[in-house]
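Nothing in this text is a laboratory measurement; each read-out follows from the coordinates by a stated rule. In this text the structure is predicted, and so the values were computed from the model without any measurement. Cβ sites come from the backbone with ideal geometry, for glycine too, and all protein chains shown count toward neighbours.
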There are 2 protein chains.
Amino acid sequence: MRASDRAYATLLEEIQLGALAPGTVVGEAAQAERIGVSRTPMREAIGRLVADGLITQLSPRVLAVSGFDADDIRDLFAARRALEEASARLAARRGDRASFAALAAAFSAARPETGEASADAYYALIQRFDAEVDAAADNAYLTQALRTIRTHLVRARRLARDHPDRLRASVAEHALIADAIASGDAELAAHATHVHLHHALAAILDSIDHQADRSASQKGTA
Amino acid sequence: MRASDRAYATLLEEIQLGALAPGTVVGEAAQAERIGVSRTPMREAIGRLVADGLITQLSPRVLAVSGFDADDIRDLFAARRALEEASARLAARRGDRASFAALAAAFSAARPETGEASADAYYALIQRFDAEVDAAADNAYLTQALRTIRTHLVRARRLARDHPDRLRASVAEHALIADAIASGDAELAAHATHVHLHHALAAILDSIDHQADRSASQKGTA
DNA sequence: TGAGCGTATTATGTATACATTGTGAGGATG
DNA sequence: CATCCTCACAATGTATACATAATACGCTCA
């Protein structure tokens with residue numbers, strides 16, 4: 001593996017998980033020494049993260065981890081909705097019906113609320129679903145744009161916490177989208193995607209609000 | 001200006017204008033010497049172009065200018081439609097009505113078919129319109145995705161040729177979108193954008209077909 | 001004669017030294 | 001006392017030398 005890839009993967013994960021908090025200043029030399037690569041590959045890694053939007057240029061000379069708040073999440077979902085609705089439509093028109101029927105069945109069988117292992121399996125299933133939609137839509141420009149969106153989405157998911165009710169609903173929503181694509185119903189696929197993202201966004205914002213409440217009351221009792 | 005920016009700008013323009021034809025192998029050392037920078041900034045420039053999708057990795061060791069054909073243009077417009085419809089909707093909801101009313105008036109007054117100078121002025125007006133829609137939509141994720149799309153769009157425009165009839169129609173389409181945004185009609189703004197992009201795509205594909213015909217007949221008579 | 005392997009070549013990947021420039025601290029001046 | 005200018009420092013930007021690995025060529029063997 002190339003040193004620049006290692007540096008990129010390391011910083012990406014740290015930013016996505018919040019280990020590198022928003023606002024943290026990212027210096028080439030400092031990060032290079034910390035990760036154990038020289039400045040050249042670190043420079044390349046930072047450049048990619050800037051292109052992704054995870055690192056922002058504050059002044060001509062100082063880079064920092066980008067901020068990420070509820071407003072960003074709303075904007076992120078607006079862009080995601082546009083792109084995934086388009087993808088779903090295309091997938092419904094061009095996709096292989098059998099594989100989406102199989103995905104629909106897999107979603108219907110999923111029980112992500114029954115433990116951590118099944119939750120992980122469910123997230124893997126969603127990832128497979130996304131990949132198959134991308135492949136079916138067969139549009140490099142959409143896929144590329146969605147790749148960036150998903151990179152940011154990881155940060156949003158980390159701020160929230162999925163509850164059993166939400167997971168059950170998510171299963172049903174995905175099953176409907178997969179069914180719609182399998183039956184070639186582009187409009188239903190797009191609108192079901194819209195509905196799904198609406199609920200997903202609401203759940204994330206709700207979860208963040210509750211956590212804010214909790215930490216506020218913790219402060220109050222401290 | 002930084003050497004890496006100069007290298008990026010130079011290569012970008014050459015690819016967009018077709019001076020570097022699709023399929024041309026891009027080697028760090030060769031391009032660095034040609035442009036007159038060292039390998040380090042050239043490497044950074046090439047990395048950015050790869051991220052943009054204008055340069056593709058053919059094998060682990062060889063990079064080449066990406067291909068760009070009619071199918072790419074169709075895919076590009078599918079992604080563009082998704083993003084610009086979403087932007088138009090947001091702009092209609094959040095945008096400043098006065099500035100879009102002014103843009104609508106500017107479009108109504110435009111006469112791009114009356115000469116090269118007025119055509120250039122018209123393209124500048126479209127650029128201003130795009131910038132104001134971006135600002136009104138106020139969504140960094142959409143804007144970023146559109147930036148990439150527009151980078152590719154330059155290549156599509158170069159393959160085509162706008163005719164007076166198309167320019168006149170384009171003026172009217174833009175005026176309608178601006179009007180819709182100015183009046184806060186999100187649905188009309190989105191659908192007018194859809195219509196506009198439909199016609200723009202048709203015109204480009206039509207123009208390419210005719211050029212193909214022409215070059216075919218030229219070959220025949222040669 | 002063709003296919004497969006080994007080696008030479010040449011490209012990329014990395015490290016580091018050097019150049020350049022933004023930034024901040026300190027002092028001088030109004 | 002505040003503000004502006006200057007200078008020093010530290011970071012980024014660039015060039016280049018070195019390490020590494022992929023590719024292509026040629027040789028050998030079947």
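Would you please report the Å³ per residue occupied by the convex hull of the alpha carbon atoms in the protein assembly as shown?
In the protein assembly as shown, the Cα convex hull volume per residue is 197 Å³.
Taking other Cβ within 10 Å of each residue's Cβ, how do B:S59, A:S87 sort, fewest first?
Final ranking by Cβ density, sparse to dense: B:S59, A:S87.
Set Lys and Arg Cβ to +1 and Asp and Glu Cβ to -1, take the dipole of region A:1-116 about its Cα centre, and tell me which of A:I35, A:L54, A:A88 lies farthest positive.
Of A:I35, A:L54, A:A88, it is A:A88.
Under 5 Å between amide H atoms, partner at least 5 residues away or on a different chain: which partners does B:L63 have, H built in plane at 1.01 Å?
Distant-sequence amide H within range of B:L63: B:V26, B:L58.
Under a point spin-label approximation (7 Å from Cα along Cα-to-Cβ), what is the B:R157-B:R61 distance to one decimal in nm?
Roughly 4.0 nm, to one decimal.
Taking each label point as 7 Å beyond Cα in the direction of the beta carbon, state the distances from B:A202 to the same residue in the other copies, shortest first, in nm.
3.9
Lys/Arg Cβ at +1, Asp/Glu Cβ at -1, dipole of chain A taken about the Cα centre: which of A:Q144, A:I126, A:A178 is farthest positive-ward?
Value: A:Q144.
Magnitude of the Cβ-charge dipole of region A:94-169, K/R +1 and D/E -1, about the Cα centre, nearest 20 debye?
240
For B:R48, what is the net charge nearby, where nearby means another residue's Cβ is under 11 Å from its Cβ and Lys, Arg count +1, Asp, Glu -1?
Counting the neighbours of B:R48, the net charge comes to -2.
Among B:S4, B:A101, B:I15, whose Cα sits farthest toward the positive end of the charge dipole of chain B (+1 at Cβ of Lys/Arg, -1 at Cβ of Asp/Glu, about the Cα centre)?
The Cα lying farthest towards the positive end belongs to B:S4.
Based on the Cα atoms of chain B, what semi-axes does the equivalent ellipsoid have, where each is the square root of 5 times one gyration tensor eigenvalue, given in whole Å with the largest first?
Working through the eigenvalues yields semi-axes of 33, 23, 16 Å.
So, counting K/R as plus one and D/E as minus one, what does the shell of residues with Cβ under 11 Å around B:A169 add up to?
For residues surrounding B:A169, the net value is -2.
Under the rule of at least 5 residues apart or a separate chain, name every residue whose amide H is placed under 5 Å from the amide H of B:S183.
Result for B:S183 returns nothing.
From the label point of A:A101, set 7 Å from Cα along Cα→Cβ, how far away are the matching label points in the other copies, in nm, ordered shortest to longest?
Ordered by increasing distance: 5.7 nm.
Taking other Cβ within 10 Å of each residue's Cβ, how do B:S99, B:S108, B:S66 sort, fewest first?
Listed from fewest to most nearby Cβ atoms, that is B:S108, B:S99, B:S66.
Can you list residues whose amide H is under 5 Å from A:I55's amide H, if they're 5+ apart or on another chain and H is modeled 1.01 Å from N?
For A:I55, the qualifying residues are A:V50, A:S66.
Each residue of region B:102-108 in order: what ³J(HN,Hα) in whole Hz does its phi give by Karplus 6.51 cos²θ - 1.76 cosθ + 1.60, θ = phi - 60°, with x for Gly and Pro?
Rounded to whole hertz, the list is 4, 5, 4, 5, 4, 5, 4.
Which distances, shortest first and in nm, link B:R61 to the matching position in the other copies, using label points set 7 Å out along Cα to C-beta?
List, nearest first: 4.1 nm.
Magnitude of the Cβ-charge dipole of the protein assembly as shown, K/R +1 and D/E -1, about the Cα centre, nearest 20 debye?
980
Just to be sure I follow: if Rg is taken over the C-alpha atoms of region A:6-87 and Rh is the Kirkwood radius over the same atoms, what is Rg/Rh?
A ratio of 1.04.
Could you work out [θ]222 nm for chain B from helices alone, using -39500 (n - 2.57) per DSSP H run of at least four and dividing by all its residues? Round to the nearest 500 deg cm²/dmol.
So the calculated ellipticity at 222 nm is -26500 deg cm²/dmol.
Might you report the magnitude of the Cβ-based charge dipole of region A:75-222 about its Cα centre, with Lys and Arg at +1 and Asp and Glu at -1, to the nearest 20 debye?
360
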